[in-house]
Each structure stands twice: as structure tokens, then as C-alpha cells.
Amino acid sequence: MHPKAVLFLAGAALVSAQCTIPETPPSDTISAPFRLQVQNASRPEVHDKYMNLFLAGGGDRHLFIGPVGDPTFDLTLVDGVINWGPAGVRAVIGGEFSEVDHTTKMFMTGRGDPRAIFEPTYACNPDDPTETQVELRFVTWQNQPAGGWICVRHAFDGSHEFRYYPPGNELIDVNRECIKVTLVVRPSGSGPFTSTVIPSSTPPASTSLSSISTTSTTAPTATSTNPPGLFADMTSSGFRFIGCAPEERRVVPPDFPGRTLPSVVWGDDAMTNAKCMAFCSNAGYTYAGTEWSRECWCANSYAATRQPATTVASLANCNFRCSGATGEFCGGDAWLSLYEKCPVGGPCENNVFS
Ligand SMILES: *[C@@H]1O[C@H](CO)[C@@H](O)[C@H](O)[C@H]1NC(C)=O
């Protein structure tokens, strides 16, 4: 046989093993509830995992794969936009821009941030080339040039968070590479039921710490040296207030890595500083910080670039009232009310703000 004929036959055999791609493309509205799976066969740490939703401030949902967030089974696509009906939130792109690799966060919100627009497309499943799957190809986000893709990068506790990688970009964050992924529509019953390490409904391990002593909401004056109203005094519980510490997008220029206290996070609609201190303390951490009214973050260290200021003005950024105690403040929008555990038997004094 002529060598070219062999090549031709081999090619024909390959084609016949492939899946069937319907002639009519899928509609850009998918009403049947689905889950989203990510694929990148060359990256086993993310391949075939499912997108989870993690409740954040203001009813927003952060998007993760891995052991963080709640599995969801009822996503829909409306005119190319990913919706999660129960909370009326949509996938958008914006915030937490990285100067290192020029990626931007993708998350879900009910607010008017620019929506991510996808085009459902038939393709063959790389794991099983005979199977046809529907992929959500990223098209654009509102008011932005078309192109780019969705990627996931390491966040905390073995999870990965979703981000947008702009067209024409070639930057790679060598410390935290954003891995390009294919988003695949899966029926709502498929996939594992991986849940949060710390589900948002979990109560703190203990509430043994005494309740906070300062609940004044009086605004500080320029002459006050230690305004009691702008932070909860936790010294009687063995934690000293350090200040209002910036998260990633509040540091100018933005530094690396992302979270100021990245080790453990817990969210609760009845958050107080006392609950957060108890939670981090019981989990064995030295630093505890509350953020966005309902989040509690813990770690044993933080980067020098996140050291809060000691001016009265700097405290104004931590002005979100705790979801479980409106008389005290639990951080702000990407700002942490940062506390440190006092040494046993040692002094326990808040920083002084002037
Ligand atoms: C997997 O991720 C790498 C790194 O982002 C990327 O270069 C590659 O194109 C991705 N593969 C697929 C099939 O998406």
C-alpha cells in the first residue's frame, strides 16, 4: 500500500472514534440545572473537579474548586451568563486585579459588575473522545475586548479560585500560576458532593472566650488616642487589636500572595469578634481577623506589607458592623480587623492610634 494511503486510513480511523458534534450549536440559554466541571488534562490537581460557591460578604459567592465552598447543582445559563437562582447572583469579572499576571477575579454577585459572557459549544470529552460534552467557551465580559480565558489558581486549604486571563497576555505568576481550564456543563446529579472544610453554618469550635467589653459606636475625634468605638477591645479575651489591615487589592502597589491571613477561613451570619478569636485560637492560630461583617480569617503570620497603620484615620476602613453584633466592627471591604493572641501571663495591650 502507498504510505499516503496508510496515513489516510489511520486518519479516518481516528475520526470515527471521535464523538458526534451536532450541526446546530447549543442555545446560549440553558434552563436545565447544571454543575460546572473544570478540565485541564495536563494538570491533575484541577482536572475534572467541580466548581463550588463560597458565601462571601453582601450575599456574593466566591468561586472555588477543591475542598472550599458549597457544591451547587442548580446553575443555569441565561443569554450566556452563568446564574445561580436561589441567591439571584450571576458570574461577573472584576476586583483583586493582580499586577503579577494581570488576572482578575471571577465571582458571583447580584450587583451590576461586568458579567462574564460564555458561548456553549459542543466538543469531545478529552477523557473519553467518544463522548460529546457542552463546554462554556469564554467570549468576553461587558465593555471589554473579546478573548481571554478562565483560569484557576491556588487559594487556600488546597482550593483553587477562578480568575480571568486577558487576551494577548503572556504573564505567568511563577508562585501562583493561573491554570487555564475548560468549563464543562454537567447534569446537576453528577460529580462528588465535596463540601467545605469549614462549612458556613458550622459554629465555632468553642465560645469559651468572654464577650467583648467595648461596644461604643462613637466616632473618634482627631485628638483621641485610642478610640474605643472603632474596634472591639478583646484584651479581656487574650487578644490585642493591631489595626485595620489591608487585603491584596488594598495594598498599593498590590503585593503577593493574596490573603493576609490565609490559613483558615470561616463565614457566619452571626459573626462577632469574640467568636472569631475563639475559632482561631481553638484552631491553633496566633492571628485572627474579621472582615466584611461575617468572615473570620486565621494564620500564624502575615506579610510585612500587610502591617496596618496606627493612625486613627486608618481605622475608618474597618467600618462594617459584625453580622452577629451590630455594636462592633468586623473589618471592611477587603480590610481586616486584625488581632493577635497575647502571650500567656504577658502584657495584653491594644495598639495606640493617634
Ligand atoms: C492547561 O494549563 C496550562 C497552563 O495554564 C495551559 O498552558 C494549557 O493550555 C492548558 N491546557 C488546556 C487543555 O487547557
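Taken along the Cα-to-beta-carbon direction at a fixed 7 Å, the label points for ALA283 and ASN175 span 2.1 nm.
Largest accessible area first, the listed residues ILE242, ILE21 line up as ILE21, ILE242 when surface is computed with a 1.4 Å probe on the assembled protein chains.
Could I have the simple spin-label model distance between GLU99 and SER188, label points 7 Å from Cα toward Cβ, reported in nm to one decimal? Label-label distance for GLU99 and SER188, simple model: 4.5 nm.
Multiply the residue gap between ASN351 and GLN307 by 0.36 nm, knock off their C-alpha separation, and tell me the result in nm, one decimal place. If you can, show how the numbers build up before the last one.
Numbers: separation 44, 0.36 × 44 = 15.84 nm, distance 1.20 nm.
The ASN351-GLN307 span can extend by a further 14.6 nm.
Expressed as a rounded percentage, what relative contact order does the range 25-131 have, with Cα pairs under 8 Å and six or more residues apart? Intermediate results must be reported in sequence, preceding the final value.
Working: 207 pairs, mean separation 26.4, N = 107.
In percent, rounded to a whole number, it is 25.
In this view, the solvent-accessible surface of SER301, computed with a 1.4 Å probe and all protein chains in place, comes to about 80 Å². Solvent-accessible area of LYS105, all protein chains in place: 20 Å² (probe radius 1.4 Å, heavy atoms, ligands and nucleic acids excluded).
Expressed in nm to one decimal, what extension gain is obtained for the pair GLN144 and ASN300 from 0.36 nm per residue of sequence separation less their Cα-Cα distance? Please report the intermediate quantities before stating the final value.
On the way: separation 156, 0.36 × 156 = 56.16 nm, distance 3.97 nm.
Working it through step by step, the gained length comes to 52.2 nm.
If the Kirkwood radius is taken over C-alpha pairs of the range 20-187, then at 10 °C and 1.306 mPa s the Stokes-Einstein diffusion coefficient equals 99 µm²/s. Each label was represented as a point 7 Å from its Cα along the Cα-to-Cβ direction; for THR130 and SER31 these points are 3.4 nm apart. Residues in the range 109-121 carry Karplus couplings, in order, of 8, x, 7, x, 4, x, 7, 7, 10, 10, 10, x, 9 Hz; the curve used is 6.51 cos²θ - 1.76 cosθ + 1.60 with θ = phi - 60°, and Gly or Pro positions show x.
Within the assembled protein chains, the solvent-accessible surface assigned to LEU315 is about 0 Å², based on a 1.4 Å probe.
The values are calculated or read from the model by the stated rules, or taken from the named source; none is laboratory data. Because the structure is a prediction, the values reported are computed rather than measured. Please note: Cβ atoms are built from the backbone with ideal geometry, for glycine as well, and neighbour counts cover all protein chains shown. In case anyone asks, the SASA skips ligands and DNA or RNA and just uses the protein heavy atoms, side chains included. Shrake-Rupley method; radii C 1.70, N 1.55, O 1.52, S 1.80 Å.
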